[in-house]
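Report on the following structure.
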Amino acid sequence: MTLQGSNFQCNSEASETDLAHADRLIEQKDFAQALQVLLPVLKSGGINAGVLDRAAVCYHALGDAPTAISLMEFVTGNWPDMGAAWAKLAAMRQTTGQIEQAIGDLKSALKINPKHVGVLVSLNRLEPFAVQSSNARRLKELSKSRKLAAKERRMAHNAIGNIEAKAGNPSRAFYHFLKSKKLGAGEFDAVGTRTRVQDQKQRFQPFTHKEKDSPGPRVIFVCGLPRSGTTLVENILLRHSKVDSIGESEALKQTLYEVRAQCISRGLGQGYWDWAGLLEPQERESFRQLYFQRAFHTRSSEAPVIVDKMPLNCLALGLAQHLLPEARFVFMSRHPLDTGLSNIMADFARGNAFTRRMDWLGEMTRLIYDSAWDYQDKLGGQFRAQSYRALVSAPQPQIARLLEHSGLEWEDSCLSPEKSSKAVVTASLVQVRKTINTAALDKWKSFSAQLEPLKESLGGDEWIAEWEDWDNTLHGG
């Protein structure tokens, strides 16, 4: 899309109604329909920065990052005093690996508002601040400001924690990480999650599908704890010519919700596993179609193989196995203290409330592995537990086995996941633009004293040794 500033005039009256309508659709994540509202305004010439901004959001959500970036470049070129536009352009560039350009955009935003927490945090992620730098001092001042919302103070504390960690100050880093987590939202339902995993172990049995093929693409579910390497595996698979991704989709979660609602309406119970063994053939087909409708709600794909990379789908693989006969499952196994440290250091925009406290994080980790070990026993060849250590230490043989498990022939491009053209919007967006490396192994050892509460909640050295023995069995598989 080519835009020329002289071609456009602001038509505020026409835009206000359109923008309100578009905002409702964007909030509902119906980006395609929102574009249908915005495009006539764009073509008519009655536009303003708000129309362009929203259109860019839609294009980006629909997977067209180049058009989204072009629109935001037009906005910043014609309204250069809009700091929020520079920040949004930087965020879009980051997801596509345009790091140097994003740094320049963030610095432009800071010139307009030097105390914008979100911009400071983003810039620190890309171009880390020194502990005594003016930007680091500014973040410390902002973290103490009661004039700021809890969200902004949370982000500031997290950024300071990362600055201190990089400087080799684990105690000061953890002080700020824990301050950040306390300012987060959400509670961990330990009892409900524990019951869900116990019921899985007692009630789930794989479904034997009579049909060998079913309409729709073959799905590879890549899952595990957040920060366990799921984004790396997704990008490895995305380098294959036959693969596309729906990213961190809630399609399986939403389908499970509908399955449970139907079970309740039939008087079968309200638990997560009350459907097990009771779905009729027509119900399985209906819910399979529902999964694909949810998966492709915001975009379409002609690829024969689709990656569904929502980490905590690992707790719902039983339903996926019942609905999708040719599905394959990849569960990422990374050292629980490295994974735990990474989750503590991460500032999640939403969800993952269990990372707010180390005792919650420890219990969730144990429950996730209890579930995975049960699926490994029951799902056989459909399930692959992938050791993160093995993958980054010996990429070629591990990727070969990963592709074989996924039913894909070897392609050399899969050895270069950092070259993936897919936009990355997770907390791993900086790391995945680097070549496969071992830099993230054993980082927890520098924080061993601070991680003692997490180790205790995991079950101490005994449980960790049990995990290590199991993970070692995956190295040759």
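FYI, it's all coordinate maths here, none of it is from the lab. For clarity, every value in this text was computed on a predicted model and none was experimentally measured. A quick note on method: Cβ atoms are made from the backbone with ideal geometry, for glycine too, and the neighbour counts reach across all protein chains shown.
Details
- Computed over the chain, the percent of Cα pairs more than 42 Å apart is 19.
- Summary of the geometry: region 171-209 and region 372-393, compared by the centres of their Cα atoms, lie 20 Å apart.
- Computed helical MRE - 222 nm, the chain, DSSP H runs ≥ 4 contributing -39500 (n - 2.57), nearest 500: -17500 deg cm²/dmol
- Summarising the label geometry, the points placed 7 Å from Cα in the beta-carbon direction at residue 473 and residue 283 lie 3.4 nm from one another.
- Each of 261, 129, 94 was scored by the projection of its Cα onto the charge dipole of the chain, and the greatest displacement toward the positive side belongs to 129; charges sit on the C-beta of Lys, Arg, Asp and Glu.
- Residue 461-residue 36 pseudo-label distance in nm [points 7 Å out on the Cα-to-Cβ vector]: 6.4
- Residue-wise HN-Hα couplings along region 452-458, as the Karplus relation 6.51 cos²θ - 1.76 cosθ + 1.60 with θ = phi - 60° gives them from phi, are 4, x, 5, 4, 4, 6, 6 Hz; Gly and Pro carry x.
- Neighbourhood net charge (12 Å Cβ-Cβ; Lys/Arg +1, Asp/Glu -1) for residue 475: -1
- Among the lysines of region 126-209, pairs at least eight places apart or on separate chains and with Cα atoms under 30 Å apart come to 20.
- Pairs of Cα atoms nearer than 8 Å and 6+ residues apart set the relative contact order; for the chain it is 16 percent.
- In straight-distance terms, cross-link reach from residue 434 covers every one of the aspartates and glutamates whose alpha-carbon lies under 12 Å from its own, apart from those fewer than eight places away in the same chain; here that gives 418.
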